[in-house]
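So the structure is just underneath, and the comments pick up after that.
The values are calculated or read from the model by the stated rules, or taken from the named source; none is laboratory data. This structure is a prediction, so every number in the text was calculated from the model and none was measured. Glycine gets a Cβ as well: all are built from the backbone with ideal geometry, and neighbour counts include every protein chain shown.
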Amino acid sequence: MSSTPKHDRVDHELPSKQDMEAAIADPQGENASIMVIPDRQLEKKVVHKLDLRLAPMFAVLYFVAYLDRSNIGNAAIVGMIEDLHLTGSQFSTAASVFFATYVAFQIPVVLAMKKLKPSRAITMMVVGWSTITIGTAFVENYGQLVAVRLLLGFCEAGFFPTLSLYITMVYKREEQGRRIAYLFGSVALAGMFGGLFATGITKIGHAHGLNAWSWLYIIEGCVSFIAAAWVWWGLPNDPALAKFLKPEEKEVMLARDRQRLEYLGSLNFEWVEVGRALKDPKVWLWYVNPFFFLIYKPLIEPNTPSALIQFFQDIILYGFSTFLPSILKLDLNFNAMEAQYLSVPVYLLGGIVFFAAAIMGDKYKLRGTFLGILDIFAVVGYSILLGVSNSPGVRYFACYLIAIPLYCGPGLNEIWINNNMAPHYRRATAIGLQQTIGNIAGVVAPQVYRAAPYRLGHWCSLGSAIICIVLIALQILYLRALNRKKEQISSGEREDDRKETTGEGALDFRYIY
């Protein structure tokens, strides 16, 4: 090993795994210097520089991804249902079937991301779904529509967990909320611009042998292709060694990597970590029965954000965001043009609230607390939709209430699991598993939103919001109890009975709630 001090290295190679782990285990030892960030102001500048490079790219990527999967709702009210002679149940199935392949391939894709390299993996996904989106413009019947939706789900599988995992490789826990907010803010923009695009394309009508809904798919698919080129040339596979960083900035990134080692854990793939995530009772049993820990609490390891919470939050997200134009047109009786542009401010509010909640969550280190409070607005909103029948204005106001936690639900829950899982591949598996379970809601939501006035769908969404509030409250209490246990062990008030002493098991690893 070179005698050059590790913090003075100029080759910008990451120190060995042993060196970094030694620095964590012995902060005063000879490896301690590799944990030091020499200039805090420079660190802030580096994070800002990364934001300028990565945030717009990630926002655009998630924007086009969500636009391409959800534009079926906009296409439906500009003629696709009539042209393809779809029944209500066939349209619901076509919307749902996307998630069959999307869910099935989530975990394999997110686990393969580091092996394939992020830029290569994401570019392949973007090119794939762009091609399928353009191809959707030329379907002629129900069977072909189902086929392209299955292919689209396959191409997008693992995309969001991959971006989410990449963010954990760049930012500290207290920095991640804002960056995830960029992604979900782009979902709100997709809802907004999806309606605006559809409104504008409706005016095109039939042109060059294609109807308006076909042009919707062609135009949006072409936009996605541009994003693919951006990723290929602009996304660094290792953020600490990005070409746009100066040598002293790379040193800061390397020091940040070392500081985050305890949170990231080992970056080497180990099947044992995948197995631990898949069979861990904190991932499965507690979610199946929220009262499990009250009975078997001594057997349960530290908890993480719930896949079941993600499922119920996604019921609300997929049901409302996909069918909002149809709800406004077929339930609230606005015409097609009004339904498109009236959906825009609803999506905008949802994006603004999530961005604010994510930033506040970073500042106060709260995730589930904000989420549980915001879900109350959804309960009130769906209650109005179900209880008021003769006032379109009041019912339209209810849509705004539902929008308040719309993106906060799955978004804050995603940040929650990022913050509370370690090491790296256990986190990767947990993120993939959470998204897999959550996205099953994408199959369910269209089936309960089959026909206006969508009362079954509204009842299911109302019930989902109530269940989430209960689960979130129980989970917060549990995480607080686990943090208190660590505090008692640290102070000597309690015997140290931990089975793991690194990652989540470390005494100074505190769960965020």
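In region 485-510, which residues are part of a loop (DSSP other than H, G, I, E, B) and more than 25 Å from Asn418 (Cα to Cα)?
Scanning region 485-510 gives Gly492, Glu493, Arg494, Glu495, Asp496, Asp497.
Could you please find all residues in region 63-100 being of a type in the set (Ser, Thr, Tyr) and either buried (at least 24 other Cβ atoms within 10 Å of the Cβ) or without any contact (Cβ under 8 Å) to a residue 60 or more places away in the chain (or both)? Spell out how you get there, then give the answer.
Initial filter on region 63-100 (of a type in the set (Ser, Thr, Tyr)): 66, 70, 87, 89, 92-93, 96.
The one that is of a type in the set (Ser, Thr, Tyr) and either buried (at least 24 other Cβ atoms within 10 Å of the Cβ) or without any contact (Cβ under 8 Å) to a residue 60 or more places away in the chain (or both): Thr87.
Given (1) within 20 Å of the chain's Cα centre (by Cα); (2) assigned to a helix (DSSP H, G or I); (3) not hydrophobic (A, V, I, L, M, F, W, C), where does Ser343 come up short, assuming only one miss?
Tallying (1) within 20 Å of the chain's Cα centre (by Cα); (2) assigned to a helix (DSSP H, G or I); (3) not hydrophobic (A, V, I, L, M, F, W, C), Ser343 fails exactly one: (1).
With the requirement that a residue be of a type in the set (A, V, I, L, M) and either over 18 Å from the mean Cα position of the chain (by Cα) or on the phi > 0 side of the Ramachandran plot (or both), what does region 113-129 give you?
Correct list: Leu116, Met124, Val127.
Of all residues in region 464-513, count the ones that are farther than 22 Å from Ile309 by Cβ and hydroxyl-bearing (Ser, Thr, Tyr).
Of the residues in that region, 4 qualify.
Would you mind telling me which numbered condition in (1) surrounded by fewer than 18 Cβ atoms within 10 Å (Cβ to Cβ); (2) assigned to a helix (DSSP H, G or I); (3) modelled with pLDDT under 80 Glu262 fails?
Here Glu262 meets the rest and fails (1).
If the requirement is being at pLDDT 85 or above, aromatic (Phe, Trp, Tyr) and crowded, with 23+ Cβ neighbours inside 10 Å, which of these qualifies: Tyr400, Tyr425, Tyr449?
On the way: Tyr400 fails: crowded, with 23+ Cβ neighbours inside 10 Å; Tyr425 fails: at pLDDT 85 or above.
After applying the criteria, what remains is Tyr449.
Just need a number here: residues in region 205-235 that are without any contact (Cβ under 8 Å) to a residue 60 or more places away in the chain and within 20 Å of Ser70 (Cβ to Cβ).
Result for region 205-235: 2.
Select from region 347-389 the residues that are in contact with a Lys or Arg (Cβ under 9 Å, 6 or more places away or on another chain), within 19 Å of Cys460 (Cα to Cα) and surrounded by fewer than 23 Cβ atoms within 10 Å (Cβ to Cβ) and list them in ascending order.
Once the filter is applied, which keeps residues that are in contact with a Lys or Arg (Cβ under 9 Å, 6 or more places away or on another chain), within 19 Å of Cys460 (Cα to Cα) and surrounded by fewer than 23 Cβ atoms within 10 Å (Cβ to Cβ), region 347-389 yields Ile384, Leu386, Val388, Ser389.
Report every pair of residues separated by at least 6 positions or lying on different chains whose Cβ atoms are under 6 Å apart, first residue within region 335-346 and surrounded by 15 or more Cβ atoms within 10 Å (Cβ to Cβ), second at pLDDT below 80 and not aliphatic (A, V, I, L, M).
Here the result reads Gln340/Gly195; Gln340/Thr199; Tyr341/Thr199; Ser343/Gly195; Val344/Gly195, each pair linking region 335-346 to a residue that is at pLDDT below 80 and not aliphatic (A, V, I, L, M).
Evaluate the following for Ile134: is it more than 26 Å from Leu241 (Cα to Cα) and part of a helix (DSSP H, G or I)?
For Ile134, the condition - more than 26 Å from Leu241 (Cα to Cα) and part of a helix (DSSP H, G or I) - is met.
Just to be sure I understand, how many residues within region 379-401 are within 23 Å of Glu338 (Cα to Cα) and part of a helix (DSSP H, G or I)?
Of the residues in region 379-401, 15 are within 23 Å of Glu338 (Cα to Cα) and part of a helix (DSSP H, G or I).
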